[in-house]
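Heads up: the structure comes next, in structure tokens.
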Amino acid sequence: MKKNFAYETYKNVEAPQNYKTAAKRGRYIRSMEKRTDAEDMRFLRGQLPTVERVLEIGSGSGRILHALLTEGRAQGAVGVEISPSRVRFGKAWAKQKKIAGVEHIAGDILQLKPRGTFDAVLCMTTIFPFFDMLEKDGLKKVLKKSYALLNPGGFLVLESSTFIETIKQCKDNGGSVRIWEEYRAGDPFRFHLMRYSWDEKKRQLEDVSYNLMRDKLFVDGPTTKRWHIENSASLIQKVKAAGFKNIKLFGGFNSSLYKEGISDRIILIARK
């Protein structure tokens with residue numbers, strides 16, 4: 001696997017050493033289930049019909065796929081995730097919870113092709129803006145691959161933050177800003193420290209960040225993330241060029257309409 005910035009950033013996320021006891025691991029899983037139910041599934045229940053087989057690109061430890069299977073909204077699921085530690089965590093999670101029908105694959109979607117075809121392809125949690133930063137025309141390549149993997153009439157779901165407030169803060173502070181946030185209860189890390197930089201001409205956002213452990217003196221980092229921020233018109237153009245139709249944009253998990261320059265999230269649904 002090519003060791004790009006996404007691999008280096010996520011390779012040790014949800015690693016076993018972060019969960020010293022079964023109780024801590026259980027609390028973390030429950031926090032992920034609660035988040036998924038309140039956010040991602042709130043949207044998918046209303047916008048995505050029950051499907052036979054679903055693929056998620058950048059699936060992490062599979063929290064969305066696990067929820068779809070548990071609720072009977074999918075019969076089979078494949079997750080492609082660049083982080084080996086997150087794949088291991090996902091496999092253990094599925095085994096512990098007796099979630100059948102899920103396959104966790106460690107790999108880079110730009111380099112591999114999952115077996116078979118699917119009724120839905122998901123790329124959620126602010127992943128799709130990575131692709132143009134990982135490889136030239138990376139997003140176009142992933143969209144074309146997604147189209148080829150979908151059955152006729154299949155669904156594409158893309159979701160990302162628009163980073164409106166972060167970009168504004170960068171502009172107001174000479175191009176970069178330092179901010180922090182506190183993780184949800186149950187996460188083994190407590191604080192996330194970030195230094196964002198914004199390139200207006202290239203529409204590129206970079207984040208160099210550190211994580212502070214919750215119950216011991218340990219700092220994880222630095223890690224780097226880079227996003228190419230699409231506006232709605234450019235994103236729609238790329239999705240159409242890949243062959244998709246019936247494109248709809250939403251501004252949040254509550255299925256509100258997307259408003260350019262106002263919505264802090266962009267969720268796109270299209271059909272093959």
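The values are calculated or read from the model by the stated rules, or taken from the named source; none is laboratory data. Because the structure is predicted, anything quoted here is derived from the model rather than measured. Positions of Cβ are backbone-derived with ideal geometry, glycine not excepted, and every protein chain shown enters the neighbour counts. Remember, those area values only see protein heavy atoms, side chains included, never the ligands or the DNA or RNA. Shrake-Rupley method; radii C 1.70, N 1.55, O 1.52, S 1.80 Å.
Given the peptides 167-173, 120-126, arrange them by the average over their residues of other C-beta atoms within 10 Å, most packed first.
On the way: 167-173: 14.3, 120-126: 23.0.
So the peptides 167-173, 120-126, ranked by packing, come out 120-126, 167-173.
Calculated on the alpha-carbon coordinates, the convex hull of region 116-255 measures out at 152 cubic angstrom per residue.
With a 1.4 Å probe and all protein chains left in place, how much of the accessible area of the chain comes from carbon and sulfur atoms, in whole percent? It would help to have the intermediate numbers written out before the result.
Values: 6600 of 13240 Å².
Of the solvent-accessible surface of the chain, carbon and sulfur hold 50 percent.
With the helix formula -39500 (n - 2.57) applied to DSSP H stretches of n ≥ 4, the chain reaches a computed 222 nm mean residue ellipticity of -9500 deg cm²/dmol. A 1.4 Å probe run over the protein chains yields, for the chain, 49 Å² of accessible area per residue, whole-number rounding.
Couplings 3J(HN,Hα) of region 71-83, computed from phi: 7, x, 8, 8, 9, x, 8, 10, x, 10, 9, 6, 8 Hz, in residue order, whole Hz [Karplus 6.51 cos²θ - 1.76 cosθ + 1.60, θ = phi - 60°; x for Gly and Pro]. For residue 118, the amide hydrogen comes within under 5 Å of the amide hydrogens of 150, 151, counting only partners 5 or more places away or on other chains and with H modelled in the peptide plane.
Taking a cut-off of 19 Å, what percent of all Cα-Cα pairs in region 39-161 are separated by more than that? List each step's numbers first, then the result.
Details: 3222 of 7503 pairs.
Everything past 19 Å amounts to 43 percent.
For region 181-272, what does the alpha-carbon gyration tensor say about shape, rounded, prolate or oblate, given a ≥ b ≥ c as the root eigenvalues, a/c under 1.5 as rounded, and a/b over b/c as prolate? Prolate, because a/c is 1.5 or more and a/b exceeds b/c. Counting Lys and Arg as +1 and Asp and Glu as -1 over every other residue whose Cβ lies under 13 Å from the Cβ of residue 168, the net charge comes to -3. For residue 56, the residues whose amide H sits under 5 Å from its own are 78, 79, 80, 122, ignoring neighbours fewer than 5 places away on the same chain, with H placed 1.01 Å from N.
Rounded to the nearest whole Hz, the Karplus-based 3J(HN,Hα) values (6.51 cos²θ - 1.76 cosθ + 1.60, θ = phi - 60°) of region 242-258 follow the sequence 7, x, 6, 9, 6, 7, 10, 10, 10, x, x, 5, 8, 6, 5, 5, 6, with x at glycine and proline. Exposure check, 1.4 Å probe, all protein chains in place: residue 264 carries approximately 100 Å² of accessible surface.
Using the structure shown, select from 34/95; 24/216; 145/225; 202/272; 98/141 the pairs with a Cα to Cα distance greater than 25 angstrom.
Among 34/95; 24/216; 145/225; 202/272; 98/141, the Cα-Cα distance tops 25 Å for 202/272; 98/141.
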